[in-house]
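Following: one structure in structure tokens, then a few remarks.
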Amino acid sequence: MLLENLRQAYLPPTTWPRMTLSEELCDGCERCVKTCPMQILELRDGLPAFTGLYDEFRCVLYDSCLAVCPKGAIKSVGVYRVHSGRYKNVDVFPSDETTYPRPFGDDTPEDFADCEERLTETERVIFKRRSVRLFKKQQVPREMIERIIEAGRFAPSAGNNQPWKFTVVQDAELLQDLCKKTEMIARPLSKLAFPNSGEEFERRPWRQKAFATVFSYKRPGEGDQRVAIGVKAVTDMPYHEVFLGAPTAILVLCDKRGIGNVDLDTALAVENIVLAAHSLGLGTCLIGLLNIPLLFFPQMRKKLGIVHPFKLLTAISVGYPLGVCDRAVRREPARIDWL
Ligand SMILES: Cc1cc2nc3c(=O)[nH]c(=O)nc-3n(C[C@H](O)[C@H](O)[C@H](O)COP(=O)(O)O)c2cc1C
């Protein structure tokens, strides 16, 4: 068991979900290509096709592309399963079947749309909210940002300690600068963690293997291959930039001296903000990539208010979605033990 835990952190044997495309339905609008945070798709002969950025179709986000497809031309099939080693997950889910929301259990109609009327407004927002990666350029007015942060202010927190703090960035130049700085640090890290080409996948250089093994032991969440794939997409591919083209970023900080688990408290505020935003017709996407790169830029941290006693928890890209992005998607079955 212990040995298994230490092995195969680097590109472990994995089954990836697959994407299937109906050529008849697809009109080549490119929304799936532009939204794919893994940059796995490109438009070829007018149709989305696998870019070949990786040795195989390494998609972990299941339905993010089908959520934005106006024609219903895309389906994702199968689930993400690691078969052995540190990140083995073949045995942790009750089944390999993903399902649309089933709020009424077996009474939920086959087509989720048929039960929407029976949902509360809150449930509707929860089930249909998606991470939005297609934004209009139009800026979000200050009152709207204040309104969604107000929803965050009323999140529960341990001992009511309210450890959160927000830095709202709407200055396009500052956002660009932040993107550039993040990419500058993320690029070499990505090269350390991930092979560059098809051939390198075969060779699997020992340096990358060693790095991933040690790193994943120290920071299991960040050593997961899915993080390396996401970082590679941001640093290597043309469409993708850190804030996904959103005109506003809310940096969410928390006071390290708060009671108990300040990350948990602040995450609850984040979710309130995100849900309030979607209920108002805004789009959001959490951006987790900034933390490590910003360690290298103390001046920028100061400018953003990330100074003691505050630390950065996450950022939220906010803007008006370009077309329909919020839709129900499928998810892994819940793991529940009833005692
Ligand atoms: C802590 C955190 C960090 C995330 N960071 C990023 C990011 O840097 N870039 C991105 O495109 N999506 C990011 N996401 C969005 C996830 O990919 C997304 O929530 C997940 O695929 C589920 O899809 P959904 O939000 O549409 O339901 C992040 C989500 C969380 C919770």
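Based on C-alpha pairs under 8 angstrom that are at least 6 apart in sequence, the chain has a relative contact order of 27 percent.
Using the Cβ-Cβ distance between residue 25 and residue 117 with R0 set to 25 Å, the FRET efficiency works out to roughly 0.40. Taking Cβ separations below 4.7 Å as the criterion for a possible disulfide partner, the isolated cysteines in the chain are 26, 29, 36, 59, 69, 115, 179, 254, 285, 325.
Which FRET efficiency value, to the nearest 0.05, is calculated for residue 90 and residue 173 with the Förster distance at 51 angstrom and r the Cβ-Cβ distance? Calculated transfer efficiency: 0.60.
Sequence gap at least 6, Cα distance under 8 Å: using those rules, report the relative contact order of the stretch 9-149 to the nearest whole percent. Answer for the stretch 9-149 is 26 percent.
May I ask which of 136/165; 136/232; 232/302; 137/181; 34/136; 180/218 have a Cα-Cα span longer than 20 Å here?
On the way: 136/165 26 Å; 136/232 25 Å; 232/302 27 Å; 137/181 22 Å; 34/136 13 Å; 180/218 27 Å.
Result: 136/165; 136/232; 232/302; 137/181; 180/218 exceed 20 Å.
Simple point charges give the picture: +1 on the Cβ of Lys and Arg, -1 on the Cβ of Asp and Glu, and for the chain a dipole about the Cα centre of about 1500 debye. Look at 297, 243, 104 and count the other Cβ atoms within 10 Å of each Cβ; fewest to most, that gives 104, 297, 243.
Can you give the extra length, in nm with one decimal, that the chain gains between residue 107 and residue 207 once fully stretched, where that is 0.36 nm per residue apart less the Cα-Cα distance?
Numbers: separation 100, 0.36 × 100 = 36.00 nm, distance 5.28 nm.
Separation in residues times 0.36 nm, less the Cα-Cα distance, equals 30.7 nm.
What the Kirkwood sum gives for the stretch 53-150 is a hydrodynamic radius of 17.4 Å, with every pair of different alpha carbons counted.
Say R0 is 56 Å: what FRET efficiency, to the nearest 0.05, do residue 50 and residue 256 get from their beta-carbon distance?
Once the sixth-power term is evaluated, E becomes 0.80.
PRE reach from residue 143 (point 7 Å along Cα→Cβ): which of the stretch 245-273 fall under 14 Å by backbone N? Under 14 Å, as judged by backbone N against the label point of residue 143, lies no residue of the stretch 245-273.
A short reminder: the numbers here are calculations on the coordinates, not readings from a lab. Small disclaimer: the values here were computed from a predicted structure and weren't measured. Every residue, glycine as well, gets a Cβ built from its backbone with ideal geometry; the counts of neighbours run over all protein chains shown.
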